[in-house]
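Input: a single structure, listed below in structure tokens.
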Amino acid sequence: MGHSSSLWLQGGLLVVFLAYLYHHILYLLVRDWWTDPNFSHGFFVPLFSGYVLWRERERLRAIPAKPSWFGVVVVAGALGILVVGVLGAELFLSRTSLLFLLAGLVIYYEGWRWFGAVLFPWVVLFLMVPIPELILNQITLPLQFLASDLAASLLTLLHVPVLREGNVIQLATMSLEVVEACSGIRSLVSLGTLAIIYGYFLEPRIWLRLALIVAAAPIAVAANGLRIMGTGLTGLYWSPDKAQGFFHEFSGWVVFLLSLGLLLLVHTVLRWAANFFSRGHAVAKPAGGEE
């Protein structure tokens, strides 16, 4: 009873300590999820990680605790990252320091084997932290040009006269500028996160889960190119105002659903191919392993 009370006391003190250190950082993080559409998926990431831990609770209870003092080193490093992040006004460092601090506490109290068992939900938590602005700008600009080039190519295939200059697509009745918000970074990040969650629930094979995550990037880029093409066709054959207004906003949801459908299609094809080759290998192998 005394040992149990001691553990509860330590746990309570840790919660108070973390709340004191990170309450403002977490407030700003949640505010970014709420105000930045690129990272609105952040609300779902900790819920998913928490569900994974709850689902694996019996297996985790069966792992014997072997505390490691190296956890103190990890905690110290996390606090160092926090100090650098706060002094340098770098939110990414401040936010990720919490995740490293949690890793250090797990290693210190439960050991490396336990940490290995929770490695997946811990790594997933990094998806809830917005990408630093410097890195985000390096990603969005190439995506803008890629989306513009893809949309212009698709319009050309439909025999629509088009002239592309950088991220600007010139049509007969309007000019489309693929700005940062239309780069596709929102659907890319959201679809990548969704691919991880989808793979966890519906695909037991690790290599297929990884394939789905990799496939999320070209699917998101292709879907965004289709969205821009659709906007151009709407402006050309209906009304430029409709293209820049309702259709442009509404098509974002349509394209995301299209991306999800393509992800399901890719999964179906990969699963069929894996089962086909698996059956073929089983048939080709002689019974009893004899030549």
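Any residue in the range 49-69 that's closer than 13 Å to TYR109 by Cβ: show its pairings with residues that are loosely packed, with under 12 Cβ neighbours inside 10 Å and at pLDDT 95 or above at Cβ separation under 7 Å, as long as the two are six or more apart or on different chains.
Hits for this filter: zero, empty list.
Looking only at the range 33-69, how many residues end up being closer than 23 Å to LEU191 by Cα and not acidic (Asp, Glu)?
Filtering the range 33-69 down to residues closer than 23 Å to LEU191 by Cα leaves 33-53.
Checking the rest, the ones that are also not acidic (Asp, Glu) come to 33-35, 37-53.
The number of residues fulfilling the criteria is 20.
Of these, LEU125, LEU105, which one is over 19 Å from the mean Cα position of the chain (by Cα), in a helix (DSSP H, G or I) and touching a residue at least 40 places away in the same chain (Cβ under 8 Å)?
On the way: LEU125 fails: over 19 Å from the mean Cα position of the chain (by Cα).
Within the list LEU125, LEU105, the selection yields LEU105.
What number of residues within the range 81-92 satisfy the criterion of being free of Cβ contacts under 8 Å to residues at least 24 places away in the same chain, surrounded by fewer than 18 Cβ atoms within 10 Å (Cβ to Cβ) and touching a helix residue (DSSP H, G or I) at 6+ places or on another chain (Cβ under 8 Å)?
Narrowing the range 81-92 to residues free of Cβ contacts under 8 Å to residues at least 24 places away in the same chain: 81, 83-89.
Filter again for surrounded by fewer than 18 Cβ atoms within 10 Å (Cβ to Cβ), leaving 83-84, 86-89.
Keeping just the survivors that are touching a helix residue (DSSP H, G or I) at 6+ places or on another chain (Cβ under 8 Å) gives 84, 86.
Number satisfying all stated conditions: 2.
Regarding LEU119, is this residue on the phi < 0 side of the Ramachandran plot, assigned by TED's automatic domain parsing to the domain that holds ARG59, surrounded by 17 or more Cβ atoms within 10 Å (Cβ to Cβ) and of a type in the set (A, V, I, L, M)? Break it down stepwise before answering.
Details: on the phi < 0 side of the Ramachandran plot: yes; assigned by TED's automatic domain parsing to the domain that holds ARG59: yes; surrounded by 17 or more Cβ atoms within 10 Å (Cβ to Cβ): no; of a type in the set (A, V, I, L, M): yes.
Taking the combined requirement at face value, the residue does not satisfy it.
Take the conditions crowded, with 19+ Cβ neighbours inside 10 Å, farther than 24 Å from HIS23 by Cα and out of contact with any helix residue (DSSP H, G or I) (no Cβ under 7 Å at 6 or more places or on another chain) and apply them to GLU110. Does it pass? Give the derivation first.
Working: crowded, with 19+ Cβ neighbours inside 10 Å: yes; farther than 24 Å from HIS23 by Cα: yes; out of contact with any helix residue (DSSP H, G or I) (no Cβ under 7 Å at 6 or more places or on another chain): yes.
So GLU110 passes the test.
One line per residue, one yes/no per condition, for (1) of a type outside the set (A, V, I, L, M); (2) part of a helix (DSSP H, G or I):
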| residue | (1), (2) |
| --- | --- |
| ASN38 | yes, yes |
| VAL52 | no, yes |
| LYS66 | yes, no |
| VAL83 | no, yes |
| THR96 | yes, yes |
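Can you pull out every residue in the range 108-122 that is part of a helix (DSSP H, G or I) and in contact (Cβ under 8 Å) with a residue 12 or more places away in the chain?
Just the residues of the range 108-122 that are part of a helix (DSSP H, G or I), to begin with: 108-109, 112-117, 119-122.
Residues satisfying the conditions are TYR108, TYR109, TRP112, ARG113, TRP114, PHE115, ALA117, PHE120, PRO121, TRP122.
If I filter the range 183-200 down to residues being at pLDDT 85 or above and either among the β-branched types (Val, Ile, Thr) or outside any helix (DSSP H, G or I) (or both), which single residue comes out as farthest from ALA220 (Cα to Cα)?
Filtering the range 183-200 for residues that are at pLDDT 85 or above and either among the β-branched types (Val, Ile, Thr) or outside any helix (DSSP H, G or I) (or both), the one farthest from ALA220 (Cα to Cα) comes out as ILE197.
How many residues are loosely packed, with under 13 Cβ neighbours inside 10 Å and either among the hydroxyl-bearing types (Ser, Thr, Tyr) or in contact (Cβ under 8 Å) with a residue 12 or more places away in the chain (or both) if we restrict to the range 15-27?
Pass one, the range 15-27, residues loosely packed, with under 13 Cβ neighbours inside 10 Å: 15-17, 19-20, 23-24, 27.
The next check asks that each one be either among the hydroxyl-bearing types (Ser, Thr, Tyr) or in contact (Cβ under 8 Å) with a residue 12 or more places away in the chain (or both); those that pass are 20, 27.
So the count comes out to 2.
If you go through the range 198-214, how many residues are in contact (Cβ under 8 Å) with a residue 24 or more places away in the chain, surrounded by fewer than 20 Cβ atoms within 10 Å (Cβ to Cβ) and not aromatic (Phe, Trp, Tyr)?
Qualifying residue count, the range 198-214: 5.
Could you please find all residues in the range 13-32 being touching a helix residue (DSSP H, G or I) at 6+ places or on another chain (Cβ under 7 Å) and closer than 21 Å to VAL189 by Cβ?
ILE25, LEU28, LEU29, ASP32
Considering every residue within the range 32-46, establish whether at least one is loosely packed, with under 15 Cβ neighbours inside 10 Å and small (Gly, Ala, Ser).
Start the filter on the range 32-46 by keeping residues that are loosely packed, with under 15 Cβ neighbours inside 10 Å, which leaves 34-37, 43, 46.
Adding the requirement that they be small (Gly, Ala, Ser) leaves none.
No, that holds for no residue.
The values are calculated or read from the model by the stated rules, or taken from the named source; none is laboratory data. From a predicted model like this one, the values you see are computed outputs, not experimental measurements. Neighbour counts are summed over all protein chains in view; Cβ atoms, including those assigned to glycine, are modelled from backbone coordinates with ideal geometry.
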